[in-house]
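Heads up, the thing below is written out as structure tokens.
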Amino acid sequence: MEGCTASAGAGTCYVLKLYVTGMGMRSQRAIERIRAVCRDHLEGRCELEIVDLYERPDAAAPAQVVAAPTLVREAPPPVRRLVGDLSDHARVLFQLDLGPRPAERVR
Amino acid sequence: MNAQHPGPDAIAAMQAELEELRETLRAIRSGEVDAIVVDGSRIYTLETAERPYRVFLEAMQEGAVTTGPEGTILYCNMRFANMLGAPAARLLGCRLRDLVLEADAERVDRLLSAGDATSGEVRLRTPGEPLVAQLSVSRLEVDGLVASCIVVTDLSEAKRVEQALREAGEVLEQRVAERTRELSRSEQRFRSLVTATTAIIWSTDAGGGFATPQWSWQAYTGHAWEKHRGWGWAEALHPEDRDATLASWRDSLVRRAVYEASARIWHGATRGWRHCNIRAVPVLDADGAVREWVGSCEDVDDARRAEEALRESEHRLKQDDRRKDEFIATLAHELRNPLAPIRSAAKILEVAGAERPQTRWAHEVIGRQVAQMARLLDDLLDVSRITQDKLELKRERVQLADVVRSAIETSMPLIREQGCELAVELPGEPLALDADPTRLSQILLNLLNNAAKYNHKGGRIAVSARRAGAEVEVVVADSGIGITPEAMPRIFDMFAQVEDARKRARGGLGIGLALVRRLAQMHGGTVTARSDGAERGSEFVLRLPLAAERAPAEPAAARDGQGRRETYRIVVADDNQDAAESLAMLLGLEGHEVRTVYDGEQAVDEVERFAPHIVLLDIGMPQLDGYQAAARIRARDGGLRPTLIALTGWGQEQDKQRARQAGFDHHLTKPVDLDALLGALKCAAAPVPCTGD
């Protein structure tokens, strides 16, 4: 879990929580991806906690998590939830106010 | 509906939330999730998310089994199937308890029904040998149903290793047992070896006393613990050895030096003191302090007594030897006494009956035989003197030529008797030696006599002398029976003689050459022999150092034949009547007036009465011996001081000293040589006393 360091400068400190289920493939992928984002964009100002719902199933309800993996942006507000393996990079950045709103996906 | 419309922020928030929900639904529907949370805390995992777990289960070394409530197998991995030697499909639905040996089935039941995290060992049925496995059980509850997740670990390898270890352990134990046996055997051997030579093994504390009962000490001395505890051991030491031993022990304690001592220790069994050698070493702690002393006592009594006995017998032998030498000396000396009167009588015969041929023959025979006997006795005496180291040399400056001539003269009769030819070659230059003329002559005489004795009739004898550097070399060569190589090494040995029938007839004691060698050595010279073998003659080479050069013209004390022919009044005192009378007769023939007495008292009285010029006193007389008589005579000296001449068988320097001290002027050894006597008489009357001895 990275922490916000004083040397990060004037940037705001992000508090993120990633809810996963053990060794699930998507959970693993999500973990990798969020770690990359923190490293590339939020160096020194990212507090990331990985919560394994297999170990702590009770953590889901209070955070209003309905599926795993779910990335919860706790700070800075607003609180946002992003479900999935975070492979949609543009969307992740947008949710973290680090990028523009991506075009609507056609499904 | 509220009259107030939601503000733009609220609308944005609602929009965001909506979007989020839509996104979430989309993600779930498109299977982008691993699991869904139901009822707040139940996690339902999608099938595909399980795969890593599956792989894990299949890949691991252990067998994995999931069983339902009755112990039926719901799932098992490949490893487990391999262990049982059956395909996994066949195992599904079986009861786990049926897959183990009958004896272990109950254990399986217990494990499955016991609490979480239990384990036990069972034997799985296989087509081959039963497989020993460890079952580790974890309980699982799903919707009220109890299931077990079991990890099955193959113990066969471990068992094999365990077995191998056990076997190796057994082999090791065997080897250790064997080694221990060997060790105890050698220890026994060592012990018996030690006890064979060592009587006692003991140990004391650092203070030097026995701190614990010493069984070995007790066994030897018979002293119980009460007696030998502490320093009580000193009681077992011989009183004469105690102080020294204690002092030495105390010294060793202080210096922490190896202790070695010898003392007599009481031996209880034989009730006696026995000699022992004691030795002890300190045993040190890690910090260098003495922890105890460890020592041994070696019983050397037998060896010591044997040694003492040996020394004693050696001493006795030496004493016997000495006594023998003294006996021989005394014997020779005593045997000489009768010779003196015999010689005198012979001399008288010569003078008195010169015309009658029988008388002449008689006198010559007696003279020769007496001379021979005297020579034998002299040799004997010399031998005893050599062995007693009492031989003395009277050195003076002599000419080699004189000595050689004198020896030849004496040897001539024998040479002529043997019918040998003699050739003499002497150097023209005078060669002076610092030697005892009598002894030198004796050497040459001996060699000449041998040359004649060990020769054939008509054999040749050659005597030659020459200067060789700082030495003079005299060679006596003969053409006689020679010396064999076997005999050569021993010819100069005392009592060695040539084994020869002819030789035996020639007489002799076999001491000649030993004397010759000794005398030569005493003069700083050597004598060597050479021979080409039997019947090839022999050669004896005498080498002597030349006397240092000196300014010439110092004539030796001359005994010139010229002298006044005086007549003296002479008293002869000797308890041997024959000796006294024959001497008196001789002197009478010379024209002197002689009185004879037979003991010291008479001598003193006669001197007073007769007032002689000269008194001849035998030393060994009864009543008053010669020394005492001389002392008395000197004490009573009136005016006419008579010349006192001592006659004695002892010619040693100390005898002469004693004679001089007693008041004698001269000293003659018996048998008295007439010329010497006459020479002494001449000296007696000389105005300046001369050293005629």
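The values are calculated or read from the model by the stated rules, or taken from the named source; none is laboratory data. None of the values given here were measured: they were computed from a predicted structure. Note: ideal-geometry Cβ built from the backbone for every residue, glycine included; neighbour counts use all protein chains shown. Heads up: the accessible areas ignore ligands, DNA and RNA and are worked out on the full protein's heavy atoms, side chains in. Shrake-Rupley method; radii C 1.70, N 1.55, O 1.52, S 1.80 Å.
Scanning chain B for chymotrypsin sites (Phe, Trp or Tyr not before Pro) in DSSP loops with at most 15 other Cβ atoms within 10 Å, what's the longest stretch left with none? All intermediate terms of the calculation are to be shown ahead of the outcome.
On the way: sites that count: B:W231, B:F495.
It works out to B:232-494.
Could you do me a favour and compute the accessible area per residue for chain B, 1.4 Å probe, result in Å²?
Numbers: 39930 Å² over 693 residues.
Normalised by residue count, the accessible surface of chain B is 58 Å².
Counting alpha carbon pairs within less than 8 Å and at least 6 residues apart, what relative contact order, in whole percent, applies to the stretch B:266-338? List each step's numbers first, then the result.
Values: 49 pairs, mean separation 15.5, N = 73.
Answer for the stretch B:266-338 is 21 percent.
Got the relative contact order for chain B handy, in percent, Cα pairs under 8 Å and 6 or more residues apart? Walk me through the intermediate numbers first.
Values: 1039 pairs, mean separation 38.8, N = 693.
Rounded, it is 6 percent for chain B.
Roughly speaking, to the nearest percent, how much of the stretch B:277-321's 1.4 Å accessible area is carbon and sulfur? Mind dumping the intermediate values first?
Values: 1520 of 3040 Å².
Exposed carbon and sulfur together represent 50 percent of the surface.
Enter the per residue convex hull volume of the stretch B:444-484, computed from alpha-carbon coordinates, in Å³ rounded to the nearest integer. Don't skip to the answer; put the middle values down first.
Details: hull volume 3.1 nm³, N = 41.
Looking at the stretch B:444-484, the number lands at 76 Å³ per residue.
Starting from the coordinates of the alpha-carbon atoms of chain B, obtain the Kirkwood hydrodynamic radius over all distinct pairs and give the value in Å to one decimal. If you can, show how the numbers build up before the last one.
On the way: mean 1/r = 0.0253 Å⁻¹.
Radius from the Kirkwood sum: 39.5 Å.
Measure up B:K324/B:K390; B:K347/B:K453; B:K394/B:K656; B:K453/B:K670 against 19 Å on the Cα-Cα distance and list the ones that go over. Kindly include the intermediate steps, with their values, before the conclusion.
Values: B:K324/B:K390 15 Å; B:K347/B:K453 28 Å; B:K394/B:K656 13 Å; B:K453/B:K670 28 Å.
Long pairs (Cα-Cα over 19 Å): B:K347/B:K453; B:K453/B:K670.
Can you give me the distance in nm between label points at B:T438 and B:N82, each placed 7 Å from the Cα along the Cα-to-Cβ direction?
According to this spin-label approximation, the distance is 12.5 nm.
Between B:R90 and B:R291, what length comes free when the chain is fully extended (0.36 nm per residue of separation minus the Cα-Cα distance, one decimal in nm)?
64.6 nm
Computed FRET efficiency, Cβ-Cβ of B:L335 and B:A631, R0 22 Å: what is it to the nearest 0.05? Intermediate results must be reported in sequence, preceding the final value.
Numbers: r = 30 Å, r/R0 = 1.34.
Calculated value: 0.15.
Count, for each residue of B:35-48, the Cβ atoms from other chains sitting within 10 Å of its Cβ, then give me the mean as a whole number. Intermediate values should be presented prior to the final figure.
Numbers: counts 14, 5, 14, 2, 3, 8, 7, 2, 8, 2, 6, 6, 0, 3.
The mean count of partner-chain Cβ atoms within 10 Å per residue comes to 6.
What FRET efficiency comes out for the pair A:A90/B:E58, r = Cβ-Cβ distance, R0 = 41 Å, nearest 0.05? Numbers along the way, then the final one.
Numbers: r = 38 Å, r/R0 = 0.93.
E between A:A90 and B:E58, to the nearest 0.05, is 0.60.
Chain pair A, B: how much accessible area is buried, both chains summed, with a 1.4 Å probe, in Å² to 100? Could the numbers behind the result be given before it?
Details: alone 6560 and 41100 Å², together 45400 Å².
Approximately 2300 Å², summed over both chains.
If you take the Cα Rg of the stretch B:367-469 and divide it by 2.2 N^0.38 Å, with N the number of residues, what do you get?
Working: Rg = 14.9 Å, N = 103, 2.2 N^0.38 = 12.8 Å.
The value comes to 1.17.
Report the full-extension gain for the segment B:A247 to B:T526: residue separation times 0.36 nm, less the Cα-Cα distance, to one decimal in nm. Numbers along the way, then the final one.
Numbers: separation 279, 0.36 × 279 = 100.44 nm, distance 5.64 nm.
Working it through step by step, the gained length comes to 94.8 nm.
Once you put a point 7 Å from the Cα of B:S464 and another 7 Å from the Cα of B:D39, both along the Cβ direction, what distance in nm separates them?
For the pair B:S464/B:D39, the computed spacing is 15.2 nm.
For the stretch B:49-61, just list the computed ³J(HN,Hα) in residue order, Karplus coefficients 6.51, -1.76 and 1.60, θ = phi - 60°, integers in Hz, with x standing in for Gly and Pro.
Values, residue by residue: 5, 6, 3, x, 5, 4, 4, 4, 4, 6, 7, 6, 6 Hz.
Run the simple label-point estimate for B:R569 and B:A117 please: 7 Å along Cα→C-beta, distance reported in nm.
15.3 nm
Are there any GluC sites (Glu not before Pro) in the stretch B:1-96 that are in a DSSP loop and have at most 16 other Cβ atoms within 10 Å? List them by number. Spell out each step's value before the answer.
Numbers: sites: B:E17, B:E19, B:E20, B:E23, B:E32, B:E47, B:E50, B:E58, B:E62, B:E70; in loops: B:E32, B:E62, B:E70.
Within the stretch B:1-96, the qualifying GluC sites (Glu not before Pro) (loop, at most 16 other Cβ atoms within 10 Å) are B:E70.
Along the stretch B:87-103, what does the Karplus equation 6.51 cos²θ - 1.76 cosθ + 1.60 (θ = phi - 60°) give for ³J(HN,Hα), rounded to whole Hz, x for Gly and Pro?
Once rounded to whole Hz, the list reads x, 4, 4, 5, 6, 4, x, 5, 8, 4, 5, 7, 8, 10, 4, 3, 5.
When the helix-only estimate is applied to chain B (DSSP H runs of n ≥ 4, each -39,500 (n - 2.57), divided by the residue count), what is the mean residue ellipticity at 222 nm, nearest 500 deg cm²/dmol? If you can, show how the numbers build up before the last one.
On the way: 20 runs with 311 residues, N = 693.
After summing the helix terms and dividing by the residues of chain B, the value is -15000 deg cm²/dmol.
How much of the DSSP bridge set in the protein assembly as shown is antiparallel, in percent, rounded to the nearest 5? Before the final figure, lay out each step's value.
On the way: 95 of 125 bridges.
Antiparallel bridges make up about 75 percent of those DSSP assigns within the protein assembly as shown.
Rounded to the nearest 0.05, what FRET efficiency is calculated for B:D378 and B:R609 with R0 set to 35 Å and r the Cβ-Cβ distance?
Working: r = 38 Å, r/R0 = 1.09.
According to the calculation, E is roughly 0.35.
Find how much the distance from B:D302 to B:T48 grows on full extension, using 0.36 nm per residue of separation minus their present alpha carbon separation; answer in nm with one decimal. Show your work: numbers first, answer last.
Working: separation 254, 0.36 × 254 = 91.44 nm, distance 10.41 nm.
Length difference between fully extended and current span is 81.0 nm.
Return the average number of partner chain Cβ atoms within 10 angstrom of each residue Cβ along peptide A:23-30. Present the calculation step by step, with values, prior to reporting the outcome.
Working: counts 8, 11, 7, 9, 5, 3, 2, 3.
Rounded to a whole number, the mean comes out at 6.
Using the heavy atoms of the protein chains alone and a 1.4 angstrom probe, what is the accessible area of chain A per residue in square angstrom?
On the way: 5470 Å² over 107 residues.
On a per-residue basis, chain A sits at 51 Å².
Out of the stretch B:349-430, which GluC sites (Glu not before Pro) are coil in DSSP terms and have no more than 10 other C-beta atoms within 10 Å? Spell out each step's value before the answer.
Details: sites: B:E350, B:E355, B:E364, B:E392, B:E396, B:E409, B:E417, B:E421, B:E425; in loops: B:E355, B:E392.
Qualifying residues, ordered by number: B:E355.
What do you get for Rg/Rh of the protein assembly as shown when both radii come from the Cα atoms and Rh is the Kirkwood radius? It would help to have the intermediate numbers written out before the result.
On the way: Rg = 67.9 Å, Rh = 42.7 Å.
Dividing the radius of gyration by the Kirkwood radius yields 1.59.
Can you work out the PRE-style zone for B:A269? Point 7 Å along Cα to Cβ, and I want the residues of the stretch B:202-226 with backbone N under 15 Å.
The answer is B:216-223, whose backbone nitrogens lie closer than 15 Å to the label point.
Quote the convex hull volume per residue of the stretch B:235-370, based on C-alpha atoms, as a whole number of Å³. Before the final figure, lay out each step's value.
Details: hull volume 27.9 nm³, N = 136.
Expressed per residue, the convex hull around the Cα atoms of the stretch B:235-370 is 205 Å³.
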